[in-house]
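As structure tokens, the structure follows; a few thoughts come after it.
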Amino acid sequence: MQSCACTASQICGEIPIWHPTHVTAQGTNEKLGVAVIGFGHWGPNHVRNFGGHKQAQVLYCVDLDPERLERARDLFPSVESTSDLSRVLNDERVKAVVIATPTATHFDLARKALLAGKHVLCEKPLAANIAEANQLLALAKQAGSVLMVGHVFLFNAGIIKLRELIVSGELGRVYYLHATRTNLGPIRQDVDCVWDLASHDVSIFNYLQWRLPLEVSARGTHYLQEGKADVAFITLTYPDQVLANIHVSWLDPKKVRQVTVVGERKMVTWDDMGPTGPITIYDKGVVREPFYKDFGEFHLVTKEGDVVIPKVPATEPLRVQTDYFISCVRAGSIELCGPADGLGVVRVLEAIGKSMAANGAPVPVT
């Protein structure tokens, strides 16, 4: 496996093509004891994936809602369900904690878990602000624990293929990227659509560009909940004049999960809902005519070529993420979706919020 030791905020001289799908947790007779905190929308998926992994065992499901705990007992009778977090963190059998709770609770729960000596997989975003994310990064380093952020789309085989196409040079110089992530709901009450939806696309763009944007400009507004935007249009400016645009909305009639990358030589789209495959490569571009008779003729012409739909393996991204997290715990280190990457996404999200509050004024990513 090739790996890259740089963080999202650093630029690599040569960017290796790294496939988390190639990672398999190293064998050991002892199963990793796991506790899943939060049994709402996403928590059951974590219980299912860790519980079905041959190198893990889900010991606890933690939630404050009695009805959710009852549902957990019905679905996973072998897992102990409890509202007593202290008891779980004091159990020496629990080596890792998965946090699948609202964003505002991430810092406190991750902090307690790290101080208890546990490895942590925290759902995105890592924290509600830069200060909290910085503290968690420092705590993880001090404790020597793995702290991973659940940017699950970085384990999507189609997104991995996108990065491979960019890094290999097949697309040529990247001009711009565009992402659309819309649907009619689900509408969250703890965060706005930027922290809920755009956090996915920010993590994807940082991964595809292997660095953070220099500045952001964003406009958004709220129609349903005061102070919580349910639609936003975001522009990120990356080094080398690479522009990236994101459209997110809870108020759209159609569910869309798409990314377009326009390159100098070729263009490619990722469609997570695509019926024929997630990746489509277009051998299209604009080329300069080597010769022309006079200045009245066009100097630039479009190039039309083949359209290719490569075979992309059908894997469950959350399953791949689960395997990667276990492998990181076994190795005692993490390279993808670590705390530095999580902090980078939070930095961009904060800048987006500041730009929206300033009616779209450009805001640097500090």
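The values are calculated or read from the model by the stated rules, or taken from the named source; none is laboratory data. Owing to the predicted nature of the structure, the values given are computational and were not obtained by experimental measurement. Reconstructed Cβ throughout: ideal geometry from the backbone, glycine too, with neighbour counts over all protein chains shown.
Listed by first and then second residue, the pairs with beta-carbon distance under 8 Å, at least 6 apart or on different chains, first residue in region 318-336 and within 19 Å of Y207 (Cβ to Cβ), second modelled with pLDDT of 95 or more and of a type in the set (V, I, T), are L318/V152; Q321/V152; F325/V146; C328/V146; C328/I334; S333/V146; I334/V146. Applying the condition of being in a strand (DSSP E or B) and of a type in the set (D, E, K, R) to region 240-282 and asking which residue is nearest to S203 (Cα to Cα) yields R257. Here E350, E335 are screened, and the one residue that is acidic (D, E), in a helix (DSSP H, G or I) and either surrounded by fewer than 23 Cβ atoms within 10 Å (Cβ to Cβ) or assigned by TED's automatic domain parsing to the domain that holds C122 (or both) is E350.
All but one of (1) assigned to a loop (DSSP other than H, G, I, E, B); (2) surrounded by fewer than 17 Cβ atoms within 10 Å (Cβ to Cβ) hold for V191, so report the exception by its number. Condition (2) is where V191 drops out.
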